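Asks: Next up is a structure, given as structure tokens.
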Amino acid sequence: MTALMVGKIDTKVKLKGLSLEEMERYAAALGEPSYRGRQLFQWIYGRGCRHFEEMTDLPAALRATLAEQASITSLTCFGRQVSRDGTRKYLFGCPDGRQIESVLIPDEGRLTACLSTQVGCALACAFCLTGKMGFVRHLQVGEIVDQVLALREDLAPGERIGNLVLMGMGEPLHNYEATVKALAILVHPLGLAYPPRRVMLSTVGLVPEIVRLGASGLDVNLAVSLHAATDELRDRLVPINRRYPLKELMAALRAYPLPPRRRITFEYVLMEGVNDRPEDARELARLLPGLRCKVNLLPLNEASAIPFQRPARQRVEAFQQILKSAGVLATIRESRGWDISAACGMLTIEDQKQDQKRLDSTGPLPYDVFRGVEQSGSSLGS
Ligand code: SAH
């Protein structure tokens, strides 16, 4: 059987993306004790190792077998941009040539990594550039996890990624299976070991998947992109609201098994004259009683393809004040990385769909290379 498998890259078992149990089973299938699977899991996720020969606590014969039969695929970094505010945006290529963006946001001595879960997005929110790209494909488990491993390789001495947010390109709950499996690896103590309270998943409000996530026991933080407090308005801004209207969404959130001392975060992008009027704030306050939550107000990031405007600062503050007076916790979130199009809703890859036709005909790009990233710490934050 092995004779047929040897030597053909695409028949190799791709280890990045496998769960601990799957790696243990794979080790068993090779006639090895299952703890070898656990060692692989630690090497690949815990230490970000990409070459079997570096896995020094595995027997040489096993390393040779792995090199023949398995592979550790990685994203290729095609470039990095640094914002005036220190935010860094990365362009990564997947093994099939499709591209995604990830963002590192410095915040009080720590970095927050903003990860993508899809190439493009199917949800078509009216004010979001990723939505304008349309849906290209789901990311695989390994591609979600590898964003963190790749970002870690670009950290300057003393830098650390303290928080993960699934707020990049795509709708994480539309890619439910891969997202949940990736999260399990990201929080696993032998994997990337992020405490679940330092991880946040943001969704536009896919109700059945919110229920499933609650039952998954993952315990990561949940953010919901709300943007409107009436169905009439939300139907227009967030088209999926027609399928899962506010009543159903709020019922699912009220039933969500929130760990103690946690809150659900509502994101509310403020657009002038659309959803930023005093009555919009009052409607929003009426929607929230009985929920442990907070509201993050995001003044719209403007772009020429988006037919809305950012409200003046006083309007944003007046909106916040109405919420506060009604007893709702509300913060205004300053946008980061706007000058390099790394801010919320700005992640998009021009002509990805057209480029794809060309890539499909030339086959996959080589992977397992990490290039195009300047390593000098001195340019960070400049
Ligand atoms: N699909 C998920 C994950 C993406 S998170 C979700 O919608 O929650 C990206 C966040 O940026 C969402 O809250 C989204 O509503 C917000 N956003 C999109 N376009 C924006 C814009 N132009 N200005 C500010 N925020 C925007």
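Asks: Could you list, ordered by first residue, the pairs with Cβ atoms under 6 Å in which the first is in segment 325-344 and in contact (Cβ under 8 Å) with a residue 40 or more places away in the chain and at positive phi and the second is in a loop (DSSP other than H, G, I, E, B) and buried (at least 17 other Cβ atoms within 10 Å of the Cβ), at least 6 apart or interchain?
Replies: Gly337/Ser83; Gly337/Thr87; Gly337/Ala343
Asks: A further question follows. In this structure, is Glu32 touching a Leu at 6+ places or on another chain (Cβ under 7 Å), more than 28 Å from Arg160 (Cβ to Cβ), at pLDDT 95 or above and surrounded by 13 or more Cβ atoms within 10 Å (Cβ to Cβ)?
Replies: yes
Asks: For residues that are under 10 Å from the mean Cα position of the chain (by Cα), assigned to a helix (DSSP H, G or I) and of a type outside the set (A, V, I, L, M), tally how many sit in segment 143-199.
Replies: Number satisfying all stated conditions: 3.
Asks: Inspect all residues belonging to segment 151-166 and state whether any of them is within 16 Å of the ligand (Cβ to nearest atom) and open to solvent by 10 Å² or more (accessible area, probe 1.4 Å).
Replies: Yes, segment 151-166 contains at least one residue that is within 16 Å of the ligand (Cβ to nearest atom) and open to solvent by 10 Å² or more (accessible area, probe 1.4 Å).
Asks: Does Leu111 satisfy the condition of being at pLDDT 95 or above, part of a helix (DSSP H, G or I) and under 20 Å from Ile185 (Cβ atoms)?
Replies: So Leu111 does not fit the description; no.
Asks: OK, next. Of these, Pro239, Pro299, which one is open to solvent by 20 Å² or more (accessible area, probe 1.4 Å) and not aromatic (Phe, Trp, Tyr)? Even if it seems obvious, please write down each step before you answer.
Replies: Values: Pro299 fails: open to solvent by 20 Å² or more (accessible area, probe 1.4 Å).
Exactly one of Pro239, Pro299 is open to solvent by 20 Å² or more (accessible area, probe 1.4 Å) and not aromatic (Phe, Trp, Tyr), namely Pro239.
Asks: So, Ile322, is that one assigned to a helix (DSSP H, G or I) and either assigned by TED's automatic domain parsing to the domain that holds Leu226 or not aromatic (Phe, Trp, Tyr) (or both) or not? It would help to see each step written out before you state the result.
Replies: Working: assigned to a helix (DSSP H, G or I): yes; either assigned by TED's automatic domain parsing to the domain that holds Leu226 or not aromatic (Phe, Trp, Tyr) (or both): yes.
For Ile322, the condition - assigned to a helix (DSSP H, G or I) and either assigned by TED's automatic domain parsing to the domain that holds Leu226 or not aromatic (Phe, Trp, Tyr) (or both) - is met.
Asks: Say whether the condition of being within 15 Å of the ligand (Cβ to nearest atom), surrounded by fewer than 24 Cβ atoms within 10 Å (Cβ to Cβ) and not acidic (Asp, Glu) is met by at least one residue in segment 136-145. Outline the logic, then answer.
Replies: Initial filter on segment 136-145 (within 15 Å of the ligand (Cβ to nearest atom)): 136, 138-139, 144.
Among the residues that remain, those that are also surrounded by fewer than 24 Cβ atoms within 10 Å (Cβ to Cβ) are: 136, 138.
The next check asks that each one be not acidic (Asp, Glu); those that pass are 136, 138.
Yes: one or more hits.
Asks: Show the residue pairs meeting these rules: Cβ distance below 8 Å; 6+ apart or different chains; first residue within segment 164-186 and on the phi > 0 side of the Ramachandran plot; second residue within 8 Å of the ligand (Cβ to nearest atom).
Replies: If the second residue must be within 8 Å of the ligand (Cβ to nearest atom), the pairs left are Gly170/Thr117; Gly170/Cys121; Gly170/Thr130.
Asks: List every residue pair whose Cβ atoms sit under 6 Å apart, with the two residues 6 or more apart in sequence or on different chains, where the first one lies in segment 206-221 and is at negative phi and the second, anywhere, is buried (at least 17 other Cβ atoms within 10 Å of the Cβ) and not in a helix (DSSP H, G or I).
Replies: Val207/Tyr244; Gly214/Tyr256; Val220/Val199; Val220/Leu201; Asn221/Met200
Rundown of residues vs (1) touching a helix residue (DSSP H, G or I) at 6+ places or on another chain (Cβ under 7 Å); (2) closer than 21 Å to Gly93 by Cβ, yes/no style:
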{"residue": "Leu104", "(1), (2)": "yes, yes"}
{"residue": "Gln118", "(1), (2)": "yes, yes"}
{"residue": "Arg137", "(1), (2)": "no, yes"}
{"residue": "Gln140", "(1), (2)": "yes, yes"}
{"residue": "Glu143", "(1), (2)": "no, yes"}
{"residue": "Val148", "(1), (2)": "yes, yes"}
{"residue": "Leu151", "(1), (2)": "no, yes"}
{"residue": "Val165", "(1), (2)": "no, no"}
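Let's see how each residue does on (1) open to solvent by 40 Å² or more (accessible area, probe 1.4 Å); (2) within 14 Å of the ligand (Cβ to nearest atom); (3) of a type in the set (Lys, Arg):
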| site | (1), (2), (3) |
| --- | --- |
| Gly170 | no, yes, no |
| His188 | yes, no, no |
| Asp219 | yes, no, no |
| Ser225 | no, yes, no |
| Ala228 | no, yes, no |
| Asp231 | yes, no, no |
| Ala252 | no, no, no |
| Glu272 | yes, yes, no |
| Glu279 | yes, no, no |
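Asks: Any idea which residue in segment 306-347 is surrounded by the most Cβ atoms within 10 Å (Cβ to Cβ), counting only those that are small (Gly, Ala, Ser) and modelled with pLDDT under 95?
Replies: Applying the first criterion (small (Gly, Ala, Ser)) to segment 306-347 yields 312, 318, 325-327, 330, 335, 337, 341-343, 345.
Those left that are additionally modelled with pLDDT under 95: 335, 337, 341-343, 345.
Numbers: Ser335: 17, Gly337: 25, Ser341: 17, Ala342: 27, Ala343: 24, Gly345: 22.
Only one residue fits best here, namely Ala342.
Asks: Here is a follow-up. Is it the case that some residue within segment 292-301 is more than 16 Å from the ligand (Cβ to nearest atom) and under 25 Å from the mean Cα position of the chain (by Cα)?
Replies: So far as segment 292-301 goes, yes, one or more of its residues are more than 16 Å from the ligand (Cβ to nearest atom) and under 25 Å from the mean Cα position of the chain (by Cα).
The values are calculated or read from the model by the stated rules, or taken from the named source; none is laboratory data. Note that the structure is a prediction, hence the values are computed from the model and not measured. Methodologically, a virtual Cβ is constructed for each residue, glycine included, from the backbone with ideal geometry; neighbour enumeration extends over all protein chains shown. What goes into the accessible areas is simple: the full protein's heavy atoms, side chains included, and nothing from ligands, DNA or RNA. Shrake-Rupley method; radii C 1.70, N 1.55, O 1.52, S 1.80 Å.
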